[in-house]
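Below: the structure, in structure tokens.
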Amino acid sequence: MAVAYSGGLDSSVLAALAKRETDVRCYTACTPGSHDARNAPAHAEADGFALDILELTYADVKRLAALAVSVLGSNDPVRVGYTIPLLSVIHASREGTILVGNLADELFAGYAKYESVHDPTHLMRIDLEKALSEINSLVDYANCEHKHIAAPFASKGVFEAAASIPLSRMIGPQGRKLILRDVAREIGLAAYDRPKKAAQYSSGVAKAIERMAKREGLNSRAWVESLDARRTS
């Protein structure tokens with residue numbers, strides 16, 4: 001079984017739990033010199049995971065950005081950016097099933113913006129609906145590539161468990177996604193206290209898009225929109 005892996009909390013928990021049941025190989029898609037390129041190998045070694053690094057060139061990022069626009073039906077550079085590493089894993093993994101950590105942030109209060117509002121429940125619900133739409137689109141695309149995306153955080157059981165957990169167990173002075181950090185600590189993962197870093201930044205994809213856009217005299221949003229325009233013309 002493959003795991004789309006960044007070395008962060010969500011993917012580490014998934015990899016550790018899956019490893020109890022089957023052979024697991026982690027895949028990290030990132031640009032050279034990025035946060036993930038520097039840190040994922042050490043994180044995987046610390047937690048005992050086999051890891052393949054998928055090196056993304058600027059040409060890869062551009063190709064996958066255009067594909068992400070098509071798969072998601074969106075030219076939002078943030079959504080496109082964090083989808084690119086997963087698309088790379090779908091293409092490169094030798095395994096037929098790929099575990100992904102999508103929806104963990106929306107279910108367990110992982111985003112920093114949730115700390116700036118008195119009650120983030122409504123905002124989490126809005127984000128969750130968007131995330132469900134995204135994972136459904138990715139599942140459909142993976143099926144076309146003869147792969148299966150498994151998103152455990154999107155399962156009915158996890159939804160029900162999340163709904164029963166008080167918000168104070170998810171977010172507070174000690175940080176965010178506290179309940180998942182407790183799980184990681186309980187199963188002996190070094191990832192339990194790793195800070196969250198959004199995939200588009202940790203993978204180096206956002207910086208690659210920004211640099212390619214700058215070469216064309218555009219900002220990141222306009223550059224991604226130009227890919228969409230070329231696709232539909």
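Details
- Filtering segment 8-29 for residues that are outside any helix (DSSP H, G or I), among the small types (Gly, Ala, Ser), surrounded by 22 or more Cβ atoms within 10 Å (Cβ to Cβ) and modelled with pLDDT under 95 leaves a non-empty set.
- When restricted to residues that are assigned to a helix (DSSP H, G or I), touching a residue at least 60 places away in the same chain (Cβ under 8 Å) and either more than 15 Å from Ala206 (Cβ to Cβ) or in contact with a strand residue (DSSP E or B) (Cβ under 9 Å, 6 or more places away or on another chain) (or both), segment 58-87 contains 8.
- Test: residue in segment 205-215 that is under 27 Å from Pro120 (Cα atoms) and in contact (Cβ under 8 Å) with a residue 12 or more places away in the chain: yes
- The set of residues from segment 150-179 being more than 17 Å from Leu99 (Cβ to Cβ) and polar (S, T, N, Q) comprises Ser164, Ser168, Gln174.
- Which listed residue is surrounded by 13 or more Cβ atoms within 10 Å (Cβ to Cβ) and in contact with a Pro (Cβ under 8 Å, 6 or more places away or on another chain), from Tyr141, Tyr114: Tyr114
- Inspection of segment 175-194 identifies at least one residue that is at pLDDT below 90, charged (D, E, K, R) and touching a Gly at 6+ places or on another chain (Cβ under 8 Å).
- Hey, Ile98 surrounded by 21 or more Cβ atoms within 10 Å (Cβ to Cβ) and assigned to a helix (DSSP H, G or I) or not: no
- Residue ID - surrounded by the most Cβ atoms within 10 Å (Cβ to Cβ), chosen from residues in segment 51-70 that are closer than 18 Å to Arg221 by Cβ and of a type in the set (Val, Ile, Thr): Val61
- When restricted to residues that are in a helix (DSSP H, G or I), touching a residue at least 40 places away in the same chain (Cβ under 8 Å) and either in contact with a helix residue (DSSP H, G or I) (Cβ under 6 Å, 6 or more places away or on another chain) or within 15 Å of Ala104 (Cα to Cα) (or both), segment 179-204 contains 11.
The values are calculated or read from the model by the stated rules, or taken from the named source; none is laboratory data. Bear in mind that the values here come from a model prediction, so they are computed numbers and not experimental data. Quick reminder, even Gly has a Cβ in these numbers, built from the backbone with ideal geometry, and neighbours come from all protein chains shown.
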